[in-house]
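Working notes, structure below.
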Amino acid sequence: MKIACIGDNCIDSYDETGACYPGGNAVNVAVYLRRMGVESSYVGAVGNDENGERLRRALLEKGVDVSRLRVIDGPTAVSHVRMLDGDRVFGEYEEGVMADFRPTQEDVEFLCIHDLAAATLWGHAEFILPELHCRGIPTAFDASESPLCETARIALPHTTLFFFSDSNSEDAALREKLRELRSMGPELVIATQGGRGSLAFDGTEFYTADVVPCPVVDTLGAGDSYIAGFLAAWLSRQPVPICMTAGAKNAAVTIGYTGAWK
C-alpha cells in the first residue's frame, strides 16, 4: 500500500512563542501515514530558503518519498498560528512558491504508480483529478471548511473520497449538505466535526463516529490525522465505520502534543 499526497506545505509559525514546525495539509497526511507504517509520497514545492530545506529534511527523516518535491527560487509558505484555549487559530498565510506550483505530466505519471492520490484545497492539483480518475486511481480531496467553493466543485466529480470540516451545522443541515455533495460525484463524503466526531454518507446510508477521548494539547493536524487514518483503513477494505474510528484514533495521537507532528 502506497499513498501519494499532493498539494500544500508550509512552516507553521507560532508567533506567540517563536516555535516553528513543518506542516501543511498534504504534508501532514503523508507524515501521519508513515507514522502508521504506510508508505507515502509527497508532491509539491518548497522555496530555496532555510524553511524549504528544513521541511525537506523533516520529510526525509519521517521516511516520506520526496523524489517529486520541487525546489523553486523564492520563499517557502508560512502559516501563522496562535493558540486559544487549546485550539489553534490561523492568522496570515504567506503562500510563497506554492502559488506558482502546478502538477506536471511527470507528476501525474508518478501519482499513477500509487494506490491512491490525496489532494488538498490549496494544493493547485484539482485539475489533474479527472485524468487520475479516468486512469482508475482512487482519489481523495480535502476541502477543509469550503466544500462548495469553486476549487472543490472542480474536484467533486472526480473524487472517490471527499472530506471537509464542519463543526457548526446542526445534524439535519449537515446531512443535507452531505447528500448534496454526494450527488456531485464522490463515492463517499465525510465531514469531520471537531469534538462532535464525524459523519459520512455513501449515497444510501449515513455513518457516525465519536472522537476518542484524550488530553488536548494542540488541535493542529487533527483533521489531517483523521484523513490519514481513514485512508489507510479504506485501502485495507475496512467498512466505513471502522475507517472512521481509525481516523479518530489517529487524530487522538496528534492532538496530544504541540505542532502538527513531532
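The values are calculated or read from the model by the stated rules, or taken from the named source; none is laboratory data. Since we're looking at a predicted model, the values are computed, not measured. Here the Cβ is made from the backbone with ideal geometry for all residues, glycine too, and neighbour counts use every protein chain on show. We work out accessible area using only protein heavy atoms, side chains counted, and drop any ligands, DNA or RNA first. Shrake-Rupley method; radii C 1.70, N 1.55, O 1.52, S 1.80 Å.
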Revision key, fill the gap. If every Lys and Arg gets +1 and every Asp and Glu gets -1 at its Cβ, then about the Cα centre the chain yields a dipole, in debye to the nearest 20, of 800
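Whole number in Å², please: accessible area per residue of the chain, 1.4 Å probe, ligands, DNA and RNA not counted.
43
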Exercise for review: Have a look at Pro103, Pro157, Pro215 and tell me which one the Gaussian network model of the chain (Cα, springs below 10 Å) gives the largest fluctuation.
Suggested key: Pro215
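Compute the signed sum of charges (Lys and Arg +1, Asp and Glu -1) over the other residues within less than 11 Å, Cβ to Cβ, of Asn250.
So the environment of Asn250 carries a net charge of +1.
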Review point. With all protein chains present, how much of the accessible area of the chain (probe radius 1.4 Å) comes from carbon and sulfur, to the nearest whole percent?
Key: 50
Review point. Looking only at Leu148, Leu220, Leu59, which one moves most when the chain is put into a Gaussian network model with springs between Cα atoms under 10 Å?
Key: Leu148
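In percent, how large is the relative contact order of the range 61-150, given Cα pairs closer than 8 Å and 6 or more residues apart? Before the final figure, lay out the partial values.
Numbers: 86 pairs, mean separation 17.9, N = 90.
Across the range 61-150, relative contact order equals 20 percent.
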Revision key, fill the gap. Checked against the positive end of the charge dipole of the chain (+1 on Cβ of Lys and Arg, -1 on Cβ of Asp and Glu, about the Cα centre), the farthest of Phe110, Phe141, Gln238 is Gln238
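Calculate for the chain the 222 nm mean residue ellipticity that helices alone would give, adding -39,500 (n - 2.57) per DSSP H run of length 4 or more and normalising by residue count, nearest 500 deg cm²/dmol. List each step's numbers first, then the result.
Values: 8 runs with 84 residues, N = 262.
Helices in the chain give a 222 nm mean residue ellipticity of -9500 deg cm²/dmol.
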Exercise for review: Please pull out the direction-averaged projected area of the range 175-262, using the convex hull of its alpha-carbon atoms, in nm² to one decimal place.
Suggested key: 5.7
Check your understanding: For the range 1-106, what does the equivalent ellipsoid look like in terms of its semi-axes, each the square root of 5 times an eigenvalue of the Cα gyration tensor, given largest first in whole Å?
Key -> 22, 17, 11
Review point. Short version: ³J(HN,Hα) in whole Hz for each residue of the range 146-160, in order, from phi by Karplus 6.51 cos²θ - 1.76 cosθ + 1.60 (θ = phi - 60°), x for Gly and Pro, what are they?
Key: 10, x, 10, 6, 4, 5, 5, 5, 5, 6, 3, x, 10, 10, 7
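In units of 2.2 N^0.38 Å, what is the alpha-carbon radius of gyration of the chain? Please report the intermediate quantities before stating the final value.
Details: Rg = 17.0 Å, N = 262, 2.2 N^0.38 = 18.3 Å.
Its radius of gyration relative to the 2.2 N^0.38 Å reference: 0.93.
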Practice item. Could you tally the net charge around Trp234, taking each other residue with its Cβ under 11 Å from the Cβ of Trp234, Lys/Arg +1 and Asp/Glu -1? Key: -1
Practice item. Quote to one decimal, in nm, the extra length available between Glu61 and Ile154 on full extension: 0.36 nm per residue of separation minus the C-alpha distance between them. Key: 30.1 nm
Exercise for review: Starting from the amide H of Ile72, placed 1.01 Å from N in the peptide plane, find each other amide H under 5 Å away whose residue is 5 or more places distant or on another chain.
Suggested key: Val46, Gly47, Asn48
Check your understanding: Restricting the count to DSSP beta bridges whose residues both fall in the chain, what percent are antiparallel, rounded to a multiple of 5?
Key -> 40
Review point. What Rg and what Dmax come out for the range 108-237 when only alpha-carbon atoms are used, in angstroms?
Key: 14.4, 43
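Could you give the length gained on full extension between Ser146 and Ser183, defined as 0.36 nm per residue of separation minus the Cα-Cα distance, in nm? Walk me through the numbers on the way to the answer.
Working: separation 37, 0.36 × 37 = 13.32 nm, distance 1.67 nm.
Full-extension gain reported as 11.6 nm.
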Review point. How far apart, in nm, are two points set 7 Å out from the Cα along the Cα-to-Cβ line at Ala173 and at Cys134?
Key: 3.9
Practice item. Binning at 5 Å from 0, report for the range 70-177 what percent of all alpha-carbon pair distances ends up in each bin. Key: 2, 10, 17, 18, 18, 16, 11, 5, 2, 0
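Which FRET efficiency value, to the nearest 0.05, do you get for Asp202 and Val71 by plugging their Cβ-Cβ distance into 1/(1 + (r/R0)^6) with R0 = 41 Å? Before the final figure, lay out the partial values.
Values: r = 41 Å, r/R0 = 0.99.
The formula returns an efficiency of 0.50 here.
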Study note, to complete from the structure: Among Ala172, Ala140, Ala246, the residue with the largest mean-square fluctuation in a Gaussian network model of the chain built from Cα contacts under 10 Å is Ala172
